[in-house]
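The values are calculated or read from the model by the stated rules, or taken from the named source; none is laboratory data. All values reported here derive from a predicted model rather than from experimental measurement. Every residue, glycine as well, gets a Cβ built from its backbone with ideal geometry; the counts of neighbours run over all protein chains shown.
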Amino acid sequence: MLLAFDYICYAMKLLIKNIKSLVQVREININKVCGKDMAVLPCLENAWLAIDNGLIADFGKMEDFPGITDWKDLEVIDASGKIVMPCYADSHTHIVYAGNRESEFVDRINGLSYEEIAKRGGGILNSVKKLRDTSEDELFDQSFVRFNEIILQGTGSVEIKSGYGLNLESEIKILRVIKRLKDLNIIPVKATFLGAHAIPAEFKDNKKGYIDLIINEMLPAIAKEKLADYIDVFCEKNYFSAEETKQILEAGLKHGLTPKVHAEQLSHSNGIKTAVECKAISVDHLEFCNDDDIVLLKNSNTMPTILPGAAFFLNLQLPPARKMIDAGLPVAFASDYNPGSSPSGNMNFMMSLGCIDYKLNPEEVINASTINSAYAMDLSKEVGSITIGKKANIFITKPIASYGYIPYAFGSSLIETVIINGVIF
Ligand code: NIG
Ligand code: FE
């Protein structure tokens, strides 16, 4: 297995020169882009980018290159014909899981719906069974493979949720694995406690008992070990109602956890309203988001986050992304990488879906997958744009005509080099 520390350590100082186009350049940092501004993607053509001590040190046009001859041990990369972009911020994943659900994929091909599979005890509860039977070390090893996979696909910061344990011991096991990934200090990792992902079999007829367990036992233990930044709830028919969602989010807030919500994915369940009322940092999925919800979001700081992989994989009706942007809202994209509804963390493909299915333009999907998704996990001061002082988590493409090629050539891997903390990964 590829070890994190195996990535080749080049000089502390790195200069990338002759960049065909340096994309998402924000001289003055912004924390998100909304509405019409999402169609604006500032770029520098024929540019250079200097990296020092893991951070973006400076950049400019080749014709104005100052010549930094005093730099010792300077590594130079020639990016002629290539695009340089900030890495993607993937603000919604479930990459810490055990095994896979490939057999349910086949069940779905043969006609069963996601809801029907869940009713038979499959779905999330299938992953719960597998995870409870997996040791923490084994779970770490399986998750670490996915962690490396997404970095190589261009992801330079990630949020990871629990939610396949659904008891104290196993939720803690997942959150400890997330902490181990975070403590590697490779890319920024945010941890979300999603105990309210489903009702476990042993509480089938006692949902209230399970909510009490989340609030009275899981939350205090997680807060004591400082294992989570966020609290999330799957607000959905047959899962958690808007009232239950509010109760759980408020309990999380008391322990210092900021809310995020899985909302309006399979039906309209008032998840957006609840998320906005609880000042959630993001509200995610949104397939059944209606006009009233758009108004609620307009009067909030909550980032509407679309998960194109899940809507694609489950053949769901699409969230009204175009309508949201036209109403002046920001929109973020994330992969939702998980074994049941989006077994891919490839943000390049999420952007292709954004252009093809949602009719967003390449500028909009790049903004959605970098600065806006960084906002959705409170990282837009650190990542998400080419700005002096931000982390040098960037990627260099193969020679391509323009940044629009990334979503256009769907399924191709156009990333040649990923640089994390100023080091080639
Ligand atoms: O974000 N919607 C709920 N949770 C996940 C799916 C989890 C699963 O099927 O394992 C999601 O799509
Ligand atoms: Fe999810």
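Taking the criterion of being closer than 30 Å to Ala376 by Cα and surrounded by 16 or more Cβ atoms within 10 Å (Cβ to Cβ), the only residue of region 103-117 that qualifies is Tyr114. If you filter region 241-284 down to residues that are farther than 22 Å from Met377 by Cβ and within 13 Å of ligand 1 (Cβ to nearest atom), you find that the one that is nearest to the chain's Cα centre (by Cα) is Leu266. For region 144-201, the set of residues classified as in a strand (DSSP E or B) and small (Gly, Ala, Ser) consists of Gly156, Ser157, Ala191, Gly195, Ala196, listed by residue number.
A quick yes/no check of all residues on (1) surrounded by fewer than 19 Cβ atoms within 10 Å (Cβ to Cβ); (2) more than 12 Å from ligand 1 (Cβ to nearest atom); (3) not assigned by TED's automatic domain parsing to the domain that holds Gln265:
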position	(1), (2), (3)
Lys82	no, yes, yes
Arg101	no, no, no
Arg120	yes, yes, no
Lys130	yes, no, no
Asp137	yes, yes, no
Ser143	no, yes, no
Gly154	no, yes, no
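Just wondering, is there one or more residues in region 134-146 that are of a type in the set (Phe, Trp, Tyr), farther than 21 Å from Ala263 by Cα and within 14 Å of the chain's Cα centre (by Cα)? No, region 134-146 contains no residue that is of a type in the set (Phe, Trp, Tyr), farther than 21 Å from Ala263 by Cα and within 14 Å of the chain's Cα centre (by Cα).
All conditions but one from (1) within 25 Å of the chain's Cα centre (by Cα); (2) outside the structural domain of Phe349 (by TED's automatic domain parsing); (3) at pLDDT 95 or above apply to Thr93; the one that does not is (2). Of all residues in region 75-113, which are in contact with a helix residue (DSSP H, G or I) (Cβ under 7 Å, 6 or more places away or on another chain) and closer than 23 Å to Glu202 by Cβ? Correct list: Val96, Tyr97, Ala98, Gly99, Arg101, Glu104.
Listed by first and then second residue, the pairs linking a residue in region 34-48 that is at pLDDT 95 or above to a residue that is surrounded by 15 or more Cβ atoms within 10 Å (Cβ to Cβ) and of a type in the set (Lys, Arg), with Cβ atoms under 8 Å apart and 6 or more places separating them unless they lie on different chains, are Pro42/Arg26; Glu45/Lys20; Asn46/Lys20; Trp48/Lys17. The residue list Asp78, Asp73 contains one member that is over 23 Å from the mean Cα position of the chain (by Cα), away from ligand 1 (no atom under 16 Å from the Cβ), over 25 Å from Ile186 (Cβ atoms) and touching a residue at least 60 places away in the same chain (Cβ under 8 Å), which is Asp78.
The set of residues in region 288-306 being of a type in the set (A, V, I, L, M, F, W, C), touching a strand residue (DSSP E or B) at 6+ places or on another chain (Cβ under 6 Å) and either within 11 Å of ligand 1 (Cβ to nearest atom) or not in a strand (DSSP E or B) (or both) consists of Leu297 alone.
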